[in-house]
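Asker: After the structure tokens below, expect a handful of questions from me.
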Amino acid sequence: MIKNIIFDMGGVLIDYNPEKTLYGMFDKETADILLREIFRNQLWADKDRGIITPEEIMLQKRNAIPARVFDKVCEMVDNFYPYMPSFPKMIPFIESLKEKGFGIYLLSNASSDFHERRKDIPALSLFDGVLISADYKLLKPEKEIYLALYEKFSLKPEECFFIDDVQANIDGARATGMDGHCYYHGDIEILKKDMTDKGIL
């Protein structure tokens, strides 16, 4: 029996889409550079793992980033949350889950600045607990991050259901005994139907 719903953050609660953001703000050549050198670079994953700071990233990439946008990119690397608006439909959905008695938890690949910014994500006020990757120097879909979640909140994996927009992260959860739904489509009705078909709702 499912008692707890575990949510990812980017792509589920908030719109993490660096391609859309960068191509909307910069010319294509500049956006291509920024994606390659930072936002779709291993350095971004290392930031989420908590092993590199925004300042260290920009120091490494100073010569790779066009000078005319360098200060703006520093600001974005330090705090990308203003460019990740919330998905408003998720709040009433989470509220309905709470009313049904489910525990609500966050498991996200996120850098340590999350703790400063979380107050700006309305849905998180409804959560019973959060675990972010940087605090544990781990990343989804590594097995250890799921085990850390279960241990931190005394959860049983077979009683949890995971919602993430990346299939590899769902696969990682299933490997530890937690079922889930890949929310790559961004359609909450598809999610609700899957949860209903599985007897959760």
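The values are calculated or read from the model by the stated rules, or taken from the named source; none is laboratory data. Nothing here was measured: the structure is a model prediction, and the numbers come from that model. Backbone-built Cβ (ideal geometry, glycine too); neighbour counts: all protein chains shown.
Asker: I'd like to know if the stretch 29-44 contains one or more residues that are assigned by TED's automatic domain parsing to the domain that holds S125 and farther than 23 Å from G186 by Cβ.
Answerer: Within the stretch 29-44 (the criterion being assigned by TED's automatic domain parsing to the domain that holds S125 and farther than 23 Å from G186 by Cβ), the answer is no, since none of the residues qualifies.
Asker: Another one. Do you know which of the residues in the stretch 139-162 that are among the aliphatic types (A, V, I, L, M) and surrounded by fewer than 21 Cβ atoms within 10 Å (Cβ to Cβ) is nearest to C182 (Cα to Cα)?
Answerer: My answer is L139.
Asker: Looking at the stretch 5-39, which of its residues are of a type in the set (D, E), surrounded by fewer than 16 Cβ atoms within 10 Å (Cβ to Cβ) and in a helix (DSSP H, G or I)? Before the answer, list the steps.
Answerer: First pass over the stretch 5-39, keeping only residues of a type in the set (D, E): 8, 15, 19, 27, 29, 32, 37.
Of the ones still in play, those that are also surrounded by fewer than 16 Cβ atoms within 10 Å (Cβ to Cβ) are 15, 19, 27, 29, 32.
Scanning the stretch 5-39 gives E19, E29, D32.
Asker: Sticking with this structure for a sec: Just name the residue that is nearest to E144 (Cα to Cα) out of those in the stretch 174-190 that are in contact (Cβ under 8 Å) with a residue 60 or more places away in the chain and hydrophobic (A, V, I, L, M, F, W, C).
Answerer: Only one residue fits best here, namely M178.
Asker: Can you list the helices (runs of 4 or more DSSP H) lying wholly within the stretch 40-135 that have 3 or more residues being under 29 Å from F26 (Cβ atoms)?
Answerer: The qualifying helices (runs of 4 or more DSSP H) are 42-49, 54-60, 70-78, 114-117.
Asker: Hey, any hits in the stretch 151-160 for a residue that's at positive phi, of a type in the set (S, T, Y) and at pLDDT 95 or above?
Answerer: yes
Listed here are the residues, each with its yes/no results for (1) under 17 Å from L131 (Cβ atoms); (2) of a type in the set (S, T, Y).
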| position | (1), (2) |
| --- | --- |
| E144 | yes, no |
| E151 | yes, no |
| S154 | yes, yes |
| C160 | yes, no |
| I170 | yes, no |
| A175 | no, no |
| M195 | no, no |
| I200 | no, no |
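Asker: Let me ask another. Identify the single condition in (1) assigned to a helix (DSSP H, G or I); (2) out of contact with any Pro (no Cβ under 9 Å at 6 or more places or on another chain); (3) surrounded by fewer than 19 Cβ atoms within 10 Å (Cβ to Cβ) that M1 does not satisfy, given that it satisfies every other one.
Answerer: Checking M1 against (1) assigned to a helix (DSSP H, G or I); (2) out of contact with any Pro (no Cβ under 9 Å at 6 or more places or on another chain); (3) surrounded by fewer than 19 Cβ atoms within 10 Å (Cβ to Cβ), the one that fails is (1).
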